[in-house]
Every structure is written in C-alpha cells, then in structure tokens.
Amino acid sequence: MVIKIVTDSTCDIPNEIAEGLGITVVPVEVIFGTEAFKDGVELSSDEFYRRLIEGDDHPKTSQPAPGEFVRVFEDLGKDADGIVSIHVSGKLSRTLNAAEQAKSLADTECPIEVIDSYHASMGLGLITMAAAKVAEEGGNMENVVRTVKDTAGRAECFPLLDTLEYLQRGGRIGKARAMLGALLKLKPIVTIRDGEVQPMGRARTFTKGITLLEDAVRKLAPIEELCIIYSTTPDTAQEVADNLRDLLREGKEPIIARFGPSLGTHVGPGSVGVCLLRAKSETN
C-alpha cells in the first residue's frame, strides 16, 4: 500500500525532514509589490526577512493555484494507492479550497483525501509528519486519515510575537484583534483555536514572554513531539529547545524549524514559537 502525503508551505517543515519522509510541499505565493515568488522555491527565508525588514512594500500571500495541486496529484497518482493532502486552516487561507478544487479536476484514478488541519506552521507540520510516518510504515488511507484527525486534536502552537503589527497588516489577526490596543507595547503570545488566531497571553518584555511560553508548554506534559520555531533569532530558539528538552523521552531531541515566508509575513521578525503534540492519554 503506497499512500502519498501532500501539504503546503505554511507547514514550515524543514526541507530535510520533508524529503526524508517523502512529503510533497506545494508552495504558497509571496508577493512584494509587483514581484511574486514561490515560498521556499524562488525566495529564501534570509532574503524574505531582509526584504520584510528593509523594504517599503509589506508582502502579501496567495494560495497556490488549483493547477499547482492538479499537477502534483496527477504526478503522485501514477505510483500511489492513495493521496492524503493536509493543509493550513481554511479560516486562515484559501489553500484548502484550491486543493479541494484540484481533487475534482485531477485526471487520476487514485483516491484523494483533502483535510483541513485547523492548524498552521509546525502545528500543521507535526500533523503532516505523523501522517507520513504511518504511510511510510505501510498504513492504508484509513490509517493515515485517522492519524491526521487524531494528531490534529493533540497539536498546539504558541508563537511569541515581538509585535502584532505584522499579523494585523496581513489580516490574519482573528480573535486576537480584541487585544490589539492593549498589546501595542507588549509582547503577545497567540495560538490557533478552532482554526483561527486567538490570544493566549502577554508580557511586558520578550524575556518574560519566553518564560510564559515555556510555562505554558510544561503544563501540557506529557509531550510526544516538540518543535521550536523562529523567524530571525536562531540562538533564542536553541535556548528554548535546551530549556524544554527534558519534556521529551530520553534520546529524543526537539525539532528546530523556521517560520518560512508564508508565515513570516504574519508573525514578523523576532518571533519565536513552540509547536507540539500532546501525548495520547491512557484512555485513547
């Protein structure tokens, strides 16, 4: 049984992990003024953040065209018994809609399941990775889809932002809008609940924000998977990873990933986050 896994570039899965697990990542489009780039393909993260910080044009993002997914589905369908396509929350992007359109347009006999993860960034990434591991072990469509739904219910992602400015500019502020005025000079922690951005906490300094972030993660133990994600401060991400390493079983290391251009547009420079999968309860 060969099940292929597809996602989009909002997942922020490091390239080496995606390649190792056979995950196909369809790039979101990032637009600076009149220039459009495929996330992670035509625009590196370093160049993206340089433009974001130094440039005059605030970038926009756009979902992949349905045709991008059609090409991927038809290509993978030649050698697959099924395709599971897992995407960023439909409340945050129309990427899911593009994949659903492509499912009906693709010329393949291979069954395709398109799933809304209700997450973004490495929340989506960890869900997709779990699905890919089940597929790699020979799981069928039902096994893989069940894994996606199970891990989506256990996934958490908490970005600590240096400012809400970029989230507001990008129009993805969701229910966090209510805390905007109070947070102009504070460091907000947001999360994704029910597929949209919601407030979680705030701190007067970034250092205190890191402490709040780490405390929130510890309250969710036991933890199955842990990822520290950053936009422009890798040393801070490594420090958080070192502080939280003890939450994982012995010998397992936190993943360190980077907010790519599609998510970096909204979280901005200086952001650090933690994404995780809570361990299954004994009753599951």
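Pick out which of Gly77, Gly67, Gly264 has the largest mean-square fluctuation in a Gaussian network model of the chain, springs linking Cα atoms closer than 10 Å. Looking only at Gly77, Gly67, Gly264, the biggest GNM fluctuation is shown by Gly67.
How large is the charge dipole for the stretch 155-278, taken about the Cα centre, if only the Cβ atoms of Lys, Arg (+1) and Asp, Glu (-1) carry charge, to the nearest 20 debye? Here the size comes out at about 560 debye. Taking every C-alpha pair closer than 8 Å and separated by at least 6 residues, the mean separation divided by the residue count of the chain gives a relative contact order of 21 percent.
Can you tell me the FRET efficiency between Ala65 and Thr233 if r is taken as the Cβ-Cβ distance and R0 is 30 Å, rounded to the nearest 0.05?
E between Ala65 and Thr233, to the nearest 0.05, is 0.35.
Each part reduced to its alpha carbon centroid, the stretch 74-129 and the stretch 238-281 end up 24 Å apart. Derived scalar couplings between HN and Hα for the stretch 37-48 equal 9, 7, 3, x, 10, 10, 9, 6, 5, 4, 5, 4 Hz in order, rounded to whole Hz, by the Karplus curve 6.51 cos²θ - 1.76 cosθ + 1.60 (θ = phi - 60°), x for Gly and Pro.
Can you pick out the pairs among Lys4/Lys91; Lys4/Lys149; Lys149/Lys252 whose Cα atoms lie more than 22 Å from each other?
Working: Lys4/Lys91 25 Å; Lys4/Lys149 17 Å; Lys149/Lys252 24 Å.
Table pairs above 22 Å Cα-Cα are Lys4/Lys91; Lys149/Lys252.
Any chance you could run the full-extension gain for Asp194 through Asp242? It's 0.36 nm times the residue separation minus the Cα-Cα distance, nm to one decimal. Difference between extended and current length: 14.3 nm. Loop-resident GluC sites (Glu not before Pro) (DSSP state other than H, G, I, E or B) in the stretch 55-130 with no more than 15 further Cβ atoms inside 10 Å of their Cβ: Glu109.
Using a cut-off of under 20 Å, list every residue of the stretch 252-280 whose amide N is near the label point 7 Å from the Cα of Lys133 along the Cα-to-beta-carbon line. Counting backbone N atoms under 20 Å from the label point, the list is 252-258, 274-280. Amide H to amide H distances under 5 Å link Glu224 with Leu277, Arg278, Ala279, where only residues 5 or more positions off or on other chains count and H is placed in the peptide plane.
The GluC sites (Glu not before Pro) found in the stretch 213-284 that occupy coil by DSSP, while having at most 15 further C-beta atoms within 10 Å, are Glu250, Glu282. Stretching the chain fully between Glu250 and Glu47 yields a gain of 69.4 nm (0.36 nm per residue, less the alpha carbon separation).
Across the alpha-carbon set of the stretch 155-278, the Rg to Rh ratio works out to 0.95, Rh being the Kirkwood radius. Residues whose amide H lies under 5 Å from that of Phe158, counting only those 5 or more places away or on a different chain, are Val274, Cys275; hydrogens are built 1.01 Å from N in the peptide plane.
Please give the net charge around Leu76, taking every other residue with its beta carbon less than 14 angstrom from that of Leu76, where Lys and Arg add +1 and Asp and Glu add -1. My count for the surroundings of Leu76 gives -4.
Lys and Arg at +1, Asp and Glu at -1: add these up for the other residues within a Cβ distance under 13 Å of Asp107 and post the number.
Here the count lands on 0.
For a paramagnetic label modelled on Met1 (point 7 Å from Cα along Cα→Cβ), amide N atoms under 17 Å away belong, within the stretch 119-133, to 130-133. Rounded, prolate or oblate: which fits the stretch 105-150, taking a ≥ b ≥ c as square roots of the Cα gyration tensor eigenvalues, rounded meaning a/c under 1.5, else prolate when a/b beats b/c? Oblate, because a/c is 1.5 or more while a/b does not exceed b/c. The mean sequence distance of close C-alpha pairs (under 8 Å, at least 6 residues apart), as a share of the length of the stretch 155-278, puts its relative contact order at 36 percent.
Once backbone amide H atoms are built at 1.01 Å from N, Val114 has Ser85 as its partners under 5 Å, excluding neighbours fewer than 5 places away on the same chain.
Applying the Karplus relation 6.51 cos²θ - 1.76 cosθ + 1.60 with θ = phi - 60° to the stretch 197-212 yields 3J(HN,Hα) values of 6, 9, x, 10, x, 7, 9, 7, 10, 5, 4, 5, x, 4, 4, 4 Hz, where x marks Gly and Pro.
Using a/c under 1.5 as the rounded threshold, could you call the chain rounded, prolate or oblate? The axes a ≥ b ≥ c are square roots of the C-alpha gyration tensor eigenvalues, and prolate needs a/b larger than b/c, oblate otherwise. Verdict is oblate for the chain.
Only the coordinates and a few stated rules stand behind these numbers; no lab work does. Since this is a predicted model, take the numbers as computed values, not measurements. Cβ: placed from backbone, ideal geometry, glycine included. Neighbour counts: every protein chain shown.
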